[in-house]
1. Give me the number: length gained by fully extending Thr148 to Ala191, i.e. 0.36 nm times residue separation minus the C-alpha to C-alpha distance, one decimal in nm.
2. Output needed: percent of Cα pairs per 10 Å distance bin for segment 2-305, bins running from 0 to the one holding the longest distance.
3. Using +1 at the C-beta of Lys and Arg and -1 at the C-beta of Asp and Glu, which of Leu301, Leu173, Leu210 has the Cα lying farthest in the positive direction of the dipole of the chain?
4. Report for segment 2-305 the percent antiparallel among DSSP-assigned beta bridges with both residues inside it, nearest 5.
5. Under a 10 Å cutoff between Cα atoms, tell me which one of Thr148, Thr26, Thr211 has the largest fluctuation in the Gaussian network model of the chain.
6. Using the number of other C-beta atoms within 10 angstrom as an exposure proxy, rank Tyr142, Tyr15 with the fewest first.
7. For segment 204-249 and segment 2-22, write down the distance between their C-alpha centroids in whole Å.
8. Lys304: which aspartates and glutamates have alpha carbons under 14 Å from its alpha carbon, excluding same-chain residues fewer than 8 sequence positions away?
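Since every read-out is calculated from the coordinates, none of them should be taken as a lab result. Please read these numbers as outputs of a predicted model, since none were measured by experiment. All Cβ positions, glycine included, derive from the backbone under ideal geometry; neighbour counts span all protein chains shown.
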Amino acid sequence: MNILNFGSLNIDFVYRVDTFLEAGETKLSKDLQFFCGGKGLNQSIAMARAGNTVYHAGLLGEDGQMLKDKLMENGVKLDYLKPVSGKSGHASIQVADSGQNCILLYGGTNQALTVEFIDSVLDNFGPETMLLIQNELNLTDYIIEKATRRGMPIAMNAAPMDDKVLTYPIHKLTWLMVNEVEGRALSGAAADEDIIPALTKRYPGVNILLTLGQRGSMCHYQGRTVACSAHHVHAVDTTAAGDTFNGYFLRGMLSGLPVEKCLEHATTASAICVTRPGASDSVPVASEVEEMIAKGELGKLEIKEL
């Protein structure tokens, strides 16, 4: 099955700092680097590096040639990437010595989608293609409704989380992918272990992928809930870890792998990702992930049904 990613495109300004800035504080950064990013671009590249056929749909600003080049380098198909006037999305990212990050987004052309453009793209697809979306675009609810009418399976990464997500027709999704913060906001659960039960009750029939950082991940699929531990590595930059996890997990599911294998591949890929700087550049290729699993260099994961 092919993937159509209606996704964001950002130019990332990455500042290395010892600790995140506090209110009223000014400090000199240790370093500044520029990367191609955006949850959409990161996930398109993760899906492509994992071995999928991926189409990326979106609007490319006047300053976005590097973003287009990066997608092309990774084999992402750009039939539905439309150049427009205006600035592309931007992200100002602080990466602390701990490897954690905080991100300030400017939407740019990511927030300039029109109903006409969305229709012109989705009219070319049907049930044989999975739609992948995130929450960095405007008209996300319309994209879901239009894709549903065309019979497309839909996977949504509910990030970045905001009040708009609560208004989306989430019950029409095939996969809902969240971290613990997004999961608590959508489910109303106070404890992480209650997120999946609450989400499955609120959105019956929707498969759930929940990532929990260093505590691993959980997946609810076809009535089963499976938990997976995490690999513990020295994190350099966690910027694209979740995007990598989601991309590799979906690749496994679309290839017909058991949930346990999907979680193993996704966990290993994201562990490799955080040991490298940058967003899209840190995503490993499938051969690296398979070799790492075969060698067992990161140790054995604990995967069990709950």
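1. My answer for the length gained is 12.3 nm.
2. 6, 29, 37, 23, 5, 0
3. Leu173
4. Values: 25 of 58 bridges.
Antiparallel bridges: around 45 percent, rounded to the nearest 5.
5. Thr26
6. Ascending Cβ contact count within 10 Å gives the list Tyr142, Tyr15.
7. Between the Cα centres of segment 204-249 and segment 2-22 lies a distance of 19 Å.
8. Once the sequence-local aspartates and glutamates are set aside, what remains near Lys304 is Glu260, Glu264.
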